[in-house]
1. With each pseudo-label sitting 7 Å past Cα toward Cβ, what's the residue 93-residue 110 distance in nm, one decimal?
2. Considering the zone a paramagnetic label at residue 82 would reach in this model (a point 7 Å from Cα along the Cα-to-Cβ line), which residues of segment 16-31 have amide N under 15 Å from it?
3. Please report the base-10 log of the normalised intensity I(q)/I(0) for segment 3-116, using a Debye sum with one equal scatterer per alpha carbon and no solvent, at each q in 0.12, 0.17, 0.20 (1/Å).
4. Put a dot 7 Å past each Cα toward the Cβ at residue 11 and residue 63; how far apart are the dots in nm?
5. Which of 8, 54, 34 has the fewest other C-beta atoms within 10 Å, and how do the rest follow up to the most?
6. To the nearest 0.05, what FRET efficiency results for residue 36 and residue 102 with a Förster distance of 25 Å applied to their C-beta separation?
7. Pop the C-beta distance of residue 4 and residue 75 into the FRET formula with R0 = 30 Å and round what comes out to the nearest 0.05.
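Every number here is computed from the coordinates shown, using simple stated rules; none is lab data. Computed from a predicted model, the values in this text were never measured in an experiment. Reconstructed Cβ throughout: ideal geometry from the backbone, glycine too, with neighbour counts over all protein chains shown.
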């Protein structure tokens with residue numbers, strides 16, 4: 001992973017103290033590592049069980065919540081009441097269109113999306 005690129009992607013999110021950030025497909029945590037340096041709440045949505053275990057060990061904190069689920073099946077509405085949600089992720093091409101359509105729906109708590117494909 002290119003650490004400079006990961007940092008640049010995180011910078012585009014404009015992270016502020018207290019933000020609630022959802023990372024789609026954190027994998028080995030290239031973006032997560034940068035995000036974890038901020039005083040924010042992180043929700044990590046990862047479909048690979050091996051990655052979930054690894055992420056749980058690397059980013060153990062009461063500010064980090066892990067969901068072992070495909071992002072296309074993750075219901076953002078479960079995050080209502082936690083304030084605005086900023087979404088970040090480096091998506092596989094085949095997931096990008098349906099995921100963007102789902103997460104920009106009228107009933108989404110998302111206030112900002114920063115996605116790379």
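1. Result: 2.1 nm between the two label points.
2. Of the residues in segment 16-31, 18-26 have backbone N under 15 Å from the label point off residue 82.
3. Evaluating at q = 0.12, 0.17, 0.20 Å⁻¹ gives log10 I(q)/I(0) of -0.36, -0.77, -1.11.
4. Label-label distance for residue 63 and residue 11, simple model: 2.1 nm.
5. Details: 8 12, 54 16, 34 19.
Result, fewest neighbours first: 8, 54, 34.
6. It comes to 0.45.
7. Numbers: r = 34 Å, r/R0 = 1.13.
Computed FRET efficiency for residue 4 and residue 75 comes out at 0.30.
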